[in-house]
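Novice: My structure is below; once you've seen it, I'll send some questions.
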Amino acid sequence: MSIPMEPDAAAAVAGPAVVSALGARAGVNDSRPVVDLFASKFHRPLVRPGTVRRSLLIERLARGDSRPIVSVVAPSGYGKTTVLSQWADLNGRAFAWVSVDETDNDPKVLLRYVAEALDKVEPISERVFDALTSPGSSIPGSVMPRLGSAFWSMSAPVALVLDDVHMLRNSECRAALSVLADHVPGGSRLVLAGQARLPLRIARLRAEGRIMEIGPADLSLTLGEAASLLRDAGVAVGEEDVAKLYRQTEGWPAGLYLAALYLKEGGSLAEAAGSFGGADRFVSEYMESEFLARISRGHRVFLTQTAVLERMSGPLCEAVLERPGSAATLAALARSNVLLVPLDRRQEWFRYHHLFGDMLLAELHRREPDLLPVLRRRAARWCLHNDLPEAALEYCIAAGDVDAAAELVGMLAVPTYQQGRVITVLGWFRWLDNRGGIAGHPMVAVMAGLISALTARPVESGRWADAVDRWQNGDASQPGDPPAEAWAAALRAVICRHGVEQMHADAEEAARRFAAQGIRHPIPTLLRGIACVLSGDLDGGDAALEDAVSAADVAFAPDVLAVALAERSLLAVTRNQWDRAQVLSDQARTSLRLRGTEQSYVTSLVRAAGARIALHRGDVAAARQELVSAQRLRSELTYALPHIAVQARIELARVHLALTDLAGARTLMREIDELLRRRPGLGILVGQAEGLRAQLSKQHGPSTPGASALTAAELRLLPLLSTHLSFPQIAAEMSLSPNTVKSQAYSLYPKLAASTRNQAVTRARELGLLEG
C-alpha cells in the first residue's frame, strides 16, 4: 500500500542545486522514484594554485601499494582532503569520490552515493539501485551483497574515497563500510578519511596486511613544506622564524596557515608562535576572537553569520545576511584564502573548512546567540523558494522551528519514503514527536502511522494511530483538516484493529473523503476489496480489486497494484481458475520487478500465490523456490498489516503441508495464531486458520525443523549475522537484549545444519535465504 504524492507536490522536491541521477537510466526502471543527489558530493575539492605539494605522502600513496584499504585519520586542519585531492590529480587510476556529511546518516543515502560514485566510473548492476530505492530492502540482506559484488566485479582499478566518515553515527552506515572493505577488488583501493577512529576492524586488517594507515604524524608538514606555505601566503620571515613557527605548531598545517593570516594582518611573530601551537590550538580563544578582531567589520560579520550555512552561494548569503554585496564578499574570500572549500567546478557553491566553520559558529554563538535561529530561518525560507525543501527542513530543525519543520515533513515524508530513505523519515518523525510537534499537524501523525505499518514497525504504527484517534476525538472547536481525516480513515482500515466490519466501514469512509477532497489514490478501493473478500463477498471483492488495479496502474502505486493483483490471483485459485490465477500472479510479479520494488512487504503474498499455482501444475522445484523467496521477506508482514500477514502465511502453510513439510507449516501456524491473538476479527481468515490447524493436528509424521522452520524473528536476525556486528551490537540495532539475540541465533543454527555463525550464513546463502 503505497502513499504517493500528487504530481505537482512530487515535482517540487527537485531543485537547481541537486542532480536527479536516476532520471537518465534506460530500461524498465525509468518510472521508479527519483533520488535527488547533491552533485557537489561527487566532486573532490579542487587543489588551489599555490597549495603546498605533499610530494612524499603522494608518492607513498601512489607507489602501487598492494594494500586495498587506506585509512587517513587526523584531527581537523591536517590537510587530509588536500592530500587525497593531490593524489587523485596525479594518479593514473580512476577515482570515485564521496564527501560525507550529516545527511548521510541513513544507510540508503550513504550507499546510494557510493553506488552512484562507482557507477560514474563504470556502470554497475541495476539491481544495486533497485535494492537501494526499495523501502523494504535490507541493508545487510540485499543492499550490501549487491553493492559489494558490484565493487568486486569492476573491470579496472578504482580508488573509492569516502571523505569525512567521522560524520557517520548511524550503526548500519558504519557496519556497511566494514563490509565494503571486504569487497575491494585487486588493484583498487577503499580510502576512508576522517577525524576519528574508522568503523573498521583495524586490528584484523593490520594482521592481514590489508591496510595503510596515515595519521597526524604523516600529515604534519615538513620544515621545507612549512616554509613553502608561509612563502606562498605572502609572509616574508627568515629561516629562524620559520623554524620557530614550525616547532610551535608541530607542523600542523591549519596552525601555520592561521599564523600566516595573522602575520599578514600585522600581528607579531611572538604572538603568532604562541597562539597557534600547543594542546589547545583547536579551541584557542585567540582564534575565536583576536583573529576576527583584526579583519574588517564587514568580513567579520560575513564570516560569523554565514557559518550557520552548510553550503553557501552568493544568492543564499545575500538572503541570509540581508546585506547588499554579500555575494561579492563570498567571491572575494573564495579567491583570497582557504577558509572556503569550493563544492562545484563553477565555484558557485562553497562550504567552510570544518575547523574554521566550527570556530566561526562558536564565535557567533558566544557573541550573538539569539541571531542563530533568525539566520537559519532566513536560510530555510531561501531554500524553500529555490526548490530545496529538504535543505529548508534541515535549517528549520537547526533553528528549532517546530511548526515550519512539521509542514515540510508533511510535504517530504512520502517521496522520501518512496526513495527507500526510511531512516531519514523516521528521524524527522522522532524529532517532531520529541518536541510536541505532532498535535497540531495530524497529517504528519497519519503518515507516520502508515509508514510504520509498511516498514514492519507495528508498535510505532499503533502509537501513531492512537495519536490520530485522540486528535479526531478531541476538541471539536479546533479547525478541521479534511485531507488528514481522509487519510486517517485509510490508516484505520490498513491496521484493522477492530475487525473486518469496521475495516470495511473505514475503507468506505476513506473513499468518500478522498473523493470529496479530490485525492486521486487507489488505496480506499483496495482496502474495500480486501474487506469484502474477508467478509465472504468474493464477487464484490474481486470487482473492487479490479477497480484498484486500474486505478493503481494510472496513479503509479506499485505496491497497491501488486497487492490487488495477488489478491485477485488467490481468488482465482479459490475458484479453481488456474490459468487466470497464473496470468494475475505473473502481472503482480512483473509490477514489482519493473518498478524495482521486489523487496517489499507485498513480496510474500505475491510469492504465496505463485507457490500455490506452481504446486498445482506439479512443478515442485518452482513451488519450493517461491517458498524461499516468500520466506526471506516474511518478517516484513506484522500485525500492523494483519489481513495480508495472516493471509500470506495461510497460503504458504498450505503449500508446506502439501509438500509434507510439517515443521515449516507448524512454524507458520504458530505465527498465524499469534497474529490472530492480536487481531482476532479477520473474517474468513479465522475459519481458514481453524481448518489449517485441524489438518496439522492430524499429521503425525516426522517434523524435524529445517530451514523452512525459521521463525519471523530468526529471519529478521539472519541478515545481521552476515555483518561484522557482535551479538551485543546486533541487539542494540534490533532493540533487543543480547540474551534474546544469542538465543535466537542458537535456535536458528541447527535449522540451517550449522554449528557456528559463519556456517549459518554460508548455508543461508546456499539456500537462497541471503544474497551474496
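Novice: In contact with a Gly (Cβ under 9 Å, 6 or more places away or on another chain), under 23 Å from S535 (Cα atoms) and at pLDDT 95 or above: does that describe I684? Spell out how you get there, then give the answer.
Specialist: Values: in contact with a Gly (Cβ under 9 Å, 6 or more places away or on another chain): yes; under 23 Å from S535 (Cα atoms): yes; at pLDDT 95 or above: yes.
So I684 fits the description; yes.
Novice: Related question: Exactly one condition in (1) open to solvent by 10 Å² or more (accessible area, probe 1.4 Å); (2) under 26 Å from the mean Cα position of the chain (by Cα) is not met by R367; state its number.
Specialist: Answer for R367: the failing condition is (2).
Novice: Turning to a different aspect of this structure: All but one of (1) under 28 Å from R127 (Cβ atoms); (2) modelled with pLDDT under 95 hold for G610; state the number of the condition that does not hold.
Specialist: Only one criterion is unmet by G610, namely (2).
Novice: Separate question: Only residues in the range 761-772 that are within 10 Å of G141 (Cβ to Cβ) and small (G, A, S) count as the first member; pair them with residues that are open to solvent by 50 Å² or more (accessible area, probe 1.4 Å) and outside any loop (DSSP other than H, G, I, E, B), Cβ under 9 angstrom, at least 6 apart or cross-chain, and list the lot.
Specialist: G772/S149; G772/R765
Novice: Still on this model: What are the residue pairs meeting all of these: first residue in the range 485-504, first residue of a type in the set (S, T, N, Q), second residue open to solvent by 40 Å² or more (accessible area, probe 1.4 Å), Cβ atoms under 9 Å, and 6 or more apart or on different chains?
Specialist: Cβ pairs passing all conditions: Q502/R492.
Novice: Also, I was wondering about something else. Pull up the range 540-579, narrow it to residues that are outside any helix (DSSP H, G or I) and at pLDDT below 95, then point me to the one that is most open to solvent (accessible area, probe 1.4 Å). Before you say what the answer is, go through the steps one by one.
Specialist: To start, the set of residues in the range 540-579 that are outside any helix (DSSP H, G or I) comprises 556-557, 575-577.
This time we only want the ones that are at pLDDT below 95, so: 556-557.
Details: F556: 61, A557: 1 Å².
The residue in question is F556.
Novice: Give the residue, chosen from L200, L177, L162, L192, that is under 30 Å from R351 (Cα atoms), open to solvent by less than 30 Å² (accessible area, probe 1.4 Å) and without any contact (Cβ under 8 Å) to a residue 60 or more places away in the chain. So that I can check it myself, show each step before the final result.
Specialist: Working: L200 fails: without any contact (Cβ under 8 Å) to a residue 60 or more places away in the chain; L162 fails: without any contact (Cβ under 8 Å) to a residue 60 or more places away in the chain; L192 fails: without any contact (Cβ under 8 Å) to a residue 60 or more places away in the chain.
Answer to the selection: L177.
Novice: Hey, does the range 400-408 have a residue that's open to solvent by less than 10 Å² (accessible area, probe 1.4 Å) and free of Cβ contacts under 8 Å to residues at least 60 places away in the same chain?
Specialist: If we filter the range 400-408 for residues that are open to solvent by less than 10 Å² (accessible area, probe 1.4 Å), which is where we start, we get 405-406.
So of that shortlist, the ones also free of Cβ contacts under 8 Å to residues at least 60 places away in the same chain come out as 405-406.
Yes, that holds for at least one residue.
Novice: Which of the residues belonging to the range 223-260 are under 41 Å from the mean Cα position of the chain (by Cα) and in a loop (DSSP other than H, G, I, E, B)?
Specialist: E250, G251, W252
Novice: Here's another thing I want to ask about it. What number goes with the only condition from (1) modelled with pLDDT of 95 or more; (2) in a helix (DSSP H, G or I); (3) open to solvent by 50 Å² or more (accessible area, probe 1.4 Å) that L605 does not pass?
Specialist: Tallying (1) modelled with pLDDT of 95 or more; (2) in a helix (DSSP H, G or I); (3) open to solvent by 50 Å² or more (accessible area, probe 1.4 Å), L605 fails exactly one: (3).
Novice: Please indicate, with yes or no, whether at least one residue in the range 580-598 is modelled with pLDDT of 95 or more, part of a helix (DSSP H, G or I), farther than 26 Å from I495 by Cα and hydrophobic (A, V, I, L, M, F, W, C).
Specialist: So far as the range 580-598 goes, yes, one or more of its residues are modelled with pLDDT of 95 or more, part of a helix (DSSP H, G or I), farther than 26 Å from I495 by Cα and hydrophobic (A, V, I, L, M, F, W, C).
Novice: For the range 719-747, give me each residue that is crowded, with 17+ Cβ neighbours inside 10 Å and of a type in the set (V, I, T).
Specialist: Scanning the range 719-747 gives T723, I730, V741.
Novice: Any residue at all in the range 16-37 that's at pLDDT 70 or above and crowded, with 19+ Cβ neighbours inside 10 Å?
Specialist: Scanning the range 16-37, I find no residue that is at pLDDT 70 or above and crowded, with 19+ Cβ neighbours inside 10 Å, so the answer is no.
Novice: Moving on to the next point. Does the range 521-538 contain at least one residue that is part of a helix (DSSP H, G or I) and within 19 Å of D469 (Cα to Cα)?
Specialist: First, the residues of the range 521-538 that are part of a helix (DSSP H, G or I): 523-534, 538.
Now restrict to residues that are within 19 Å of D469 (Cα to Cα): 524.
Checked the range 521-538: at least one residue is part of a helix (DSSP H, G or I) and within 19 Å of D469 (Cα to Cα).
Novice: Mind checking which residues of the range 375-389 are open to solvent by less than 50 Å² (accessible area, probe 1.4 Å), within 19 Å of V414 (Cα to Cα) and in contact with a helix residue (DSSP H, G or I) (Cβ under 7 Å, 6 or more places away or on another chain)?
Specialist: Result: P389, single match.
Novice: Looking at L450 and the list (1) without any contact (Cβ under 8 Å) to a residue 24 or more places away in the chain; (2) open to solvent by less than 60 Å² (accessible area, probe 1.4 Å), which single condition is not satisfied?
Specialist: That leaves (1) as the condition not met.
Novice: Please enumerate the residues belonging to the range 307-340 that are of a type in the set (S, T, N, Q) and open to solvent by 10 Å² or more (accessible area, probe 1.4 Å).
Specialist: Initial filter on the range 307-340 (of a type in the set (S, T, N, Q)): 313, 326, 329, 336-337.
Those that are of a type in the set (S, T, N, Q) and open to solvent by 10 Å² or more (accessible area, probe 1.4 Å): T329, S336, N337.
Okay, residues lined up against (1) polar (S, T, N, Q); (2) open to solvent by 30 Å² or more (accessible area, probe 1.4 Å); (3) assigned to a loop (DSSP other than H, G, I, E, B):
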{"position": "S71", "(1), (2), (3)": "yes, no, no"}
{"position": "Y78", "(1), (2), (3)": "no, no, yes"}
{"position": "T82", "(1), (2), (3)": "yes, yes, no"}
{"position": "Q86", "(1), (2), (3)": "yes, no, no"}
{"position": "A96", "(1), (2), (3)": "no, no, no"}
{"position": "L110", "(1), (2), (3)": "no, no, no"}
{"position": "V114", "(1), (2), (3)": "no, no, no"}
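Novice: I'm trying to understand the selection: among the residues of the range 336-387, which are among the aromatic types (F, W, Y) and out of contact with any strand residue (DSSP E or B) (no Cβ under 7 Å at 6 or more places or on another chain)? Even if it seems obvious, please write down each step before you answer.
Specialist: Let us first name the residues in the range 336-387 that are among the aromatic types (F, W, Y), namely 349-350, 352, 356, 382.
Hits for the range 336-387 are F356, W382.
Novice: Identify, please: which residue in the range 326-352 is in contact with a helix residue (DSSP H, G or I) (Cβ under 8 Å, 6 or more places away or on another chain) and part of a loop (DSSP other than H, G, I, E, B) and is, among those, modelled with the lowest pLDDT?
Specialist: V338
Novice: Residues in the range 697-719: is at least one more than 28 Å from G772 (Cα to Cα) and either outside any loop (DSSP other than H, G, I, E, B) or among the hydrophobic types (A, V, I, L, M, F, W, C) (or both)?
Specialist: Step one: of the range 697-719, the residues more than 28 Å from G772 (Cα to Cα) are 697-703.
Cutting the leftovers down to either outside any loop (DSSP other than H, G, I, E, B) or among the hydrophobic types (A, V, I, L, M, F, W, C) (or both) gives us 697.
Within the range 697-719, one or more residues are more than 28 Å from G772 (Cα to Cα) and either outside any loop (DSSP other than H, G, I, E, B) or among the hydrophobic types (A, V, I, L, M, F, W, C) (or both).
Novice: What's the total number of residues in the range 729-745 that are over 15 Å from P140 (Cα atoms) and in contact (Cβ under 8 Å) with a residue 12 or more places away in the chain?
Specialist: Looking only at that region, the number is 5.
Novice: Which numbered condition trips up I214, out of (1) modelled with pLDDT under 85; (2) surrounded by 21 or more Cβ atoms within 10 Å (Cβ to Cβ)?
Specialist: (1)
Novice: Please specify each residue of the range 687-714 satisfying the condition of being polar (S, T, N, Q) and either within 20 Å of V741 (Cα to Cα) or free of Cβ contacts under 8 Å to residues at least 12 places away in the same chain (or both). It would help to see each step written out before you state the result.
Specialist: Applying the first criterion (polar (S, T, N, Q)) to the range 687-714 yields 688, 695, 697, 699, 703-704, 708, 711.
Residues satisfying the conditions are S697, S708, T711.
Novice: Right, G357: surrounded by fewer than 22 Cβ atoms within 10 Å (Cβ to Cβ), under 27 Å from the mean Cα position of the chain (by Cα) and part of a helix (DSSP H, G or I) or not? Give the derivation first.
Specialist: Values: surrounded by fewer than 22 Cβ atoms within 10 Å (Cβ to Cβ): yes; under 27 Å from the mean Cα position of the chain (by Cα): yes; part of a helix (DSSP H, G or I): yes.
So G357 fits the description; yes.
Novice: Could you go through the range 617-631 and let me know if any residue there is charged (D, E, K, R), farther than 26 Å from R765 by Cβ and assigned to a loop (DSSP other than H, G, I, E, B). First the steps, then the outcome.
Specialist: Residues of the range 617-631 that are charged (D, E, K, R), as a first pass: 617, 619, 624, 626.
This time we only want the ones that are farther than 26 Å from R765 by Cβ, so: 617.
The next check asks that each one be assigned to a loop (DSSP other than H, G, I, E, B); those that pass are 617.
Yes, because at least one residue in the range 617-631 is charged (D, E, K, R), farther than 26 Å from R765 by Cβ and assigned to a loop (DSSP other than H, G, I, E, B).
Novice: Counting just the residues of the range 617-636 that are free of Cβ contacts under 8 Å to residues at least 24 places away in the same chain and open to solvent by 50 Å² or more (accessible area, probe 1.4 Å), which one comes out nearest to A456 (Cα to Cα)?
Specialist: A621
The values are calculated or read from the model by the stated rules, or taken from the named source; none is laboratory data. Everything quoted here is computed from the prediction, not taken from an experiment. With ideal geometry, Cβ positions are generated from the backbone for all residues, glycine too; neighbour counts draw on all protein chains shown. The protein model used for the area step is the full one, side chains on, heavy atoms only, and it has no ligands, DNA or RNA in it. Shrake-Rupley method; radii C 1.70, N 1.55, O 1.52, S 1.80 Å.
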